[in-house]
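Where a number appears in this text, it was derived from the coordinates with a stated rule and is not lab data. If you're wondering where the values come from, they're calculated on a predicted model, not measured in any experiment. So basically every Cβ, Gly included, is an ideal-geometry build from the backbone, and we count neighbours across all protein chains shown.
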Amino acid sequence: MLEPRPLKVDAPKMTARSVNVYYGAKQAIRNVSIDVSMEDVTAFIGPSGCGKSTFLRTLNRMNDTVASARVEGDITLDGEDIYAPDMDVVQLRARVGMVFQKPNPFPKSIYENVAYGARIHGLASARADMDQIVERSLRRAGLWDEVKDRLHDSGTALSGGQQQRLCIARAIAVDPEVILMDEPCSALDPIATARIEELIHELRGRYAIVIVTHNMQQAARVSQRTAFFHLGTLVEYGSTSEMFTNPRETRTKDYITGRYG
Ligand SMILES: Nc1ncnc2c1ncn2[C@@H]1O[C@H](COP(=O)(O)OP(=O)(O)OP(=O)(O)O)[C@@H](O)[C@H]1O
């Protein structure tokens, strides 16, 4: 007899309940409910087109930028409805930051890439405060030692892996509570990928982290909870180690054993 697998998280950082997402008439997400933990890294896995990115983007309202997208259901951050009419979306996206598949630094200096958001959000009044935010964010993103002597060089001149860590530093600079990562290593080589995975370990606990990945080994390495999506539905959600060793659902088993995807 299998132990029941906890679907709910104690004191979740974010909750989603009965979420549906449509692009025009097409439904991309069907009735998804999930809790996101502060302590654990959560991985979203599933075959291409199953809705992982679409669902991830509901968590900081990035789908608002897609004209045809419509989201139904309830999503909360610390119990607060993020789709409430009075929710400040700019503030929400600072609290729930995002790192994209392709590193996308601004065509500005390394320093400015990190300082930009902090300035917009009024997090530093004096230059010394900003210097501190920039240094702390770059340190947390594991990039400080590599860039401390060239903070005024362009961010776009860094290697791909460094650019991705710069984008993580940029997200960290505005003091987020949650960091969403949408296939953050898919454009990186194995060494840069390993560095980002290490970084995810280091950041665990300080931020709630949700990562979309195509790579099941990566999900197994970096996450403690895994959600398996298929055709817009959440098929299974539970502890990563159990999911990979003893999946409950046939569809999960077929996916993780490489039968499709
Ligand atoms: N902007 C959009 N307009 C219309 N349909 C979209 C849009 N973005 C995604 N879709 C559709 O929604 C479904 C889910 O796509 P989504 O990108 O969320 O899946 P995914 O699991 O992240 O895929 P992948 O692993 O390939 O990135 C797909 O059928 C896709 O074609």
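Quick look at the values:
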item	result
Inter-label distance for Lys108 and Ser186, nm, one decimal - labels placed 7 Å from Cα along Cα-to-Cβ	2.7 nm
Fraction of alpha-carbon pairs over 31 Å apart in the chain - percent	25 percent
Between helix 160-173 and the chain: long-axis angle, C-alpha atoms, 0 to 90°, nearest 10	90 degrees
Degrees, to the nearest 10: 110-120 long Cα axis against longest axis of the chain	80 degrees
Spin-label model distance (nm) - Arg17 vs Arg206, 7 Å beyond Cα toward Cβ	3.3 nm
Top of Thr15, Thr65, Thr42 by mean-square fluctuation, Gaussian network on the chain, Cα under 10 Å	Thr65
Gaussian network model of the chain, springs between alpha carbon atoms under 10 Å - residue of Ala173, Ala124, Ala227 with greatest fluctuation	Ala124
Lys, Arg +1 and Asp, Glu -1 on Cβ, resulting dipole of the chain about Cα centre, debye, nearest 20	540 debye
The chain: angle of helix 190-203 to the longest principal axis, Cα-based, in degrees nearest 10	90 degrees
